[in-house]
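A short worksheet on the structure shown next.
The values are calculated or read from the model by the stated rules, or taken from the named source; none is laboratory data. As the structure is a prediction and not an experimental result, all values here were calculated from the model. Cβ placement follows ideal geometry from the backbone for every residue including glycine, while neighbour counts extend to all protein chains displayed. What goes into the accessible areas is simple: the full protein's heavy atoms, side chains included, and nothing from ligands, DNA or RNA. Shrake-Rupley method; radii C 1.70, N 1.55, O 1.52, S 1.80 Å.
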Amino acid sequence: MPDFRREQQHGGLVAGVDEVGRGPLAGPVVAAAVVFACGVPDDLAAIIDDSKKLKPTVREAIAKRLPHVPGVAIGVGAASTAEIDRINIYHASHLAMQRAVARLPVRPDHVLVDGNKIPDFGCSAEAIVGGDGVSLSIAAASIVAKVLRDRIMARLDVRWPDYGWEKNAGYGTAVHRQALMQTGVTPHHRKTFGTVRQQLEHLKTETRA
């Protein structure tokens, strides 16, 4: 379970940052930054974990409570599918994280990032592999980002229901891949990603034929 030791050891305002959505075939990559300026209430700390390990109802409940925690600051950022296709998913993920930190209502003294690479945040930063299982701030950021991205994909699913985005969040499930073949590529698909790119090339070949 994550704890608050990394934040306490550094002192000052420490932001935890994480992103969600590197792997999907569709939708934006979303990042969040969370600062617990007054620490984390014990009952909340007991349930915050890597977002992937939590049930959706638990993630939603935590995300709903976080803005009301004394001293908490939250920033969110995203990179669009167009940006992902233009600068690649690695750089788009860093861009989303930079935007999340920039949109914090306070300027952090230090940033803890989930992963092994550090974007330029304009302050000191530390990369932690598996950080969402180590730092409560990073874990909270992973929850905020996951909940926000899931909501975005659910809204897109209303307009593009064939792909199952409300359930698969844009990942390449069998339902999603089948819809790609039968219905085609939408403006929200990442056209540089293998499965989507192959479908576009297939359509071009059919058109020429």
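Structure summary
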{"quantity": "Whole-number accessible area per residue in Å² for the chain, which is evaluated in the context of all protein chains at 1.4 Å", "calculated": "49 Å²"}
{"quantity": "Long-range amide H partners of ASP3 with built H, under 5 Å", "calculated": "SER135, LEU136"}
{"quantity": "Virtual paramagnetic centre 7 Å along Cα→Cβ of ARG65, amide N under 13 Å, in segment 131-171", "calculated": "140"}
{"quantity": "Part-to-part distance (alpha-carbon centres) for segment 98-136 and segment 1-42, which is given in Å", "calculated": "7 Å"}
{"quantity": "Partners for LYS167 among lysines (Cα-Cα distance below 20 Å; same-chain residues under 8 apart left out)", "calculated": "LYS52, LYS53, LYS55, LYS146"}
{"quantity": "Low-density loop positions, trypsin sites (Lys or Arg not before Pro), segment 12-87 - DSSP coil, at most 15 other Cβ in 10 Å", "calculated": "ARG22"}
{"quantity": "Cut-off under 5 Å, modelled amide H: who pairs with GLY130 long-range", "calculated": "GLY115"}
{"quantity": "With every protein chain in place, segment 61-182: carbon and sulfur % of accessible area (1.4 Å)", "calculated": "55 percent"}
{"quantity": "Cleavage-rule hits (trypsin sites (Lys or Arg not before Pro)) in segment 99-204: DSSP loop, at most 11 neighbouring Cβ within 10 angstrom", "calculated": "LYS117"}
{"quantity": "Coarse-grained scattering of segment 72-123 at q = 0.14, 0.16, 0.22 Å⁻¹, given as base-10 log I(q)/I(0) from a Debye sum over alpha-carbon atoms", "calculated": "-0.36, -0.47, -0.82"}
{"quantity": "Stokes-Einstein diffusion coefficient of segment 1-153, Kirkwood radius over Cα pairs, 37 °C, 0.692 mPa s, in µm²/s", "calculated": "220 µm²/s"}
{"quantity": "Candidates MET153, MET181, MET97, ranked by Gaussian network fluctuation over the chain, Cα under 10 Å, top entry", "calculated": "MET181"}
{"quantity": "Cα-based helix-to-principal-axis angle, 89-102 vs the chain, degrees rounded to 10", "calculated": "40 degrees"}
